[in-house]
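Scroll down for the structure; my scribbles are underneath it.
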Amino acid sequence: MNPPIKGYAFAILLFMIVRGIIFFQLPSLVTKEFGTNSWVMLYVYTAVVIGHMYLIYKGSKKHKNASIWTIIHTHFPKPIATILIVIPSLLFWVVSFNLANAYARVLQFTSDPSVNIRSISIIILVVVLFTAAHGLYTITKTSVLYYLFSFWIVFFELLQFKDIEFVRYTPFFLKNGHLTFNGILDILGAFLAYETIMFMAPYLEKNTKWITYAALSALVIGTYYSMYCFLAQGLLPVEQIEDVRFVVLRLYGATQINALEYITDLLFITFIFSAILSASVYTWSGLEGLKTLQTKDRHKENLLIAGIIMIALCYVPFNFDESKLLFSISNTILVCFIVIFTLLYFILPYKENKASSDTANCDSTSNQSGAAPAPASSSSSSSEGVTQL
């Protein structure tokens, strides 16, 4: 059995999985929705995310750090529990495909039009399946390693602060925006993946106030996003930002470093780590859901099903607009499930899971029969089972 995940590793994992592919076009989305000086809105999103993390933390404590899958399985009849677990699990695998596909499309757009999107997506998904198969502890260790490889890339953008034209920061905040519901959700998509905490809680180190690490990670992400949006709005006219598809890549392309002629290539080398980790955590979350419904260990079969679904999606001939629509629809549905799961934390009372209750009943029966060695063995087995949950 793997040891529990420590707080600092959990914070790094959150940073790596939240920093997703939407980051490349985030300044365009924010500027289009909120207008001038809209970089401040990213801190509003950060506050909303931290607030929701706190709700997850309180709900998790109420249910003794049980996974939301376990809570659903314990409280609902099997048909309803199956629906509430299988559908989100399938959605998570669609999200994993979206992340791989989106990365491949950005790579094609920036590097070479001849890049085969399907082949790149399949390669990424194979790595994702391999990573997810080894569990959350291995994913977390991998995230720490990837973080050490990639965190320093942000310092390249600090070189561009000298080129900012402060006249572009008008005295008006949030003017000339075109606010839409879909646009608000698209920006929120840049912060998604933090909700997987609902499935990680049983694997975190006991007696750790993980909300502190989660909030710190979210604050770093919010500052990271805000910095790029601030740079974009200081280097380009607001009207131009709205029309540039991948503004962040435009910023990197303008960076002047003699030793690195193609800094955008370096950027992709580091950002593929986040794409792989985000998709791995979503894939793992779906596998955890199916495992809750099964009495036998069917990890390999579940992994095969996930792989077939994700790779089959690679053969659907989506164009860019269709892929963007699928991404938007899946994010909207994902937000709906996040809201439902959060409500379940507080609506449902704490209830001991079925496996633990059955084990406790066996212990009670053994005690009444006067079999001395049995209670110790059974108690040990029960403790181990609860620890694994």
Checking T264, T270, T283, T255 in turn, the sole residue that is modelled with pLDDT under 70, β-branched (V, I, T), in contact with a helix residue (DSSP H, G or I) (Cβ under 8 Å, 6 or more places away or on another chain) and part of a helix (DSSP H, G or I) turns out to be T264
Restricting region 59-84 to residues that are among the hydrophobic types (A, V, I, L, M, F, W, C), open to solvent by 10 Å² or more (accessible area, probe 1.4 Å) and in contact (Cβ under 8 Å) with a residue 12 or more places away in the chain, the one farthest from G289 (Cα to Cα) turns out to be A66
Pairs returned, first residue in region 112-128 that is under 13 Å from A102 (Cα atoms) and outside any helix (DSSP H, G or I), second residue that is among the acidic types (D, E) and open to solvent by 80 Å² or more (accessible area, probe 1.4 Å), beta-carbon separation under 9 angstrom, 6 or more apart or interchain, are none
State yes or no: is A193 closer than 26 Å to I153 by Cβ and in contact with a Pro (Cβ under 6 Å, 6 or more places away or on another chain)?
-> no
Within region 349-359, of all residues that are farther than 15 Å from Y57 by Cα and touching a helix residue (DSSP H, G or I) at 6+ places or on another chain (Cβ under 7 Å), the one modelled with the lowest pLDDT is T359
Output for Cβ contacts, cut-off 6 Å, separation at least six or different chains, first residue more than 29 Å from D186 (Cα to Cα) in region 1-27, second modelled with pLDDT under 90 and of a type in the set (S, T, N, Q), reads G7/T208
Selection over region 268-305 where residues are of a type in the set (A, V, I, L, M) and more than 17 Å from I17 (Cβ to Cβ) yields a count of 6
Of those in region 293-307 that are part of a helix (DSSP H, G or I) and without any contact (Cβ under 8 Å) to a residue 60 or more places away in the chain, the residue surrounded by the most Cβ atoms within 10 Å (Cβ to Cβ) is N302
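Residue by residue, here is whether (1) open to solvent by 70 Å² or more (accessible area, probe 1.4 Å); (2) on the phi < 0 side of the Ramachandran plot; (3) assigned to a helix (DSSP H, G or I); (4) at pLDDT 95 or above holds:
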residue: F161; (1), (2), (3), (4): yes, yes, yes, no
residue: P171; (1), (2), (3), (4): yes, yes, no, no
residue: G177; (1), (2), (3), (4): no, yes, no, no
residue: G183; (1), (2), (3), (4): no, yes, yes, no
Residue set I241, I221, I211; condition modelled with pLDDT of 85 or more and open to solvent by less than 10 Å² (accessible area, probe 1.4 Å); output residue I221
| message | Take F320 and tell me if it is within 25 Å of L125 (Cβ to Cβ) and either at pLDDT below 95 or not acidic (D, E) (or both). | response | yes
Residue match in region 203-212 (condition: touching a Pro at 6+ places or on another chain (Cβ under 9 Å) and not in a loop (DSSP other than H, G, I, E, B)):
yes
Exercise. Answer yes if at least one residue in region 42-58 is small (G, A, S) and open to solvent by 10 Å² or more (accessible area, probe 1.4 Å), and no otherwise.
Key: yes
Just one listed residue, out of V44, V40, V48, V106, is in a helix (DSSP H, G or I), under 19 Å from V128 (Cβ atoms) and β-branched (V, I, T), and it is V106
Restricting region 16-41 to residues that are of a type in the set (S, T, N, Q) and closer than 23 Å to S278 by Cβ, the one most open to solvent (accessible area, probe 1.4 Å) turns out to be Q25
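The values are calculated or read from the model by the stated rules, or taken from the named source; none is laboratory data. What you see is a predicted model, and the numbers here were worked out from it, not measured in a lab. Backbone-built Cβ (ideal geometry, glycine too); neighbour counts: all protein chains shown. Ligands, DNA and RNA are stripped out before the accessible areas are found, and what is left, the full protein with its side chains, is counted by its heavy atoms. Shrake-Rupley method; radii C 1.70, N 1.55, O 1.52, S 1.80 Å.
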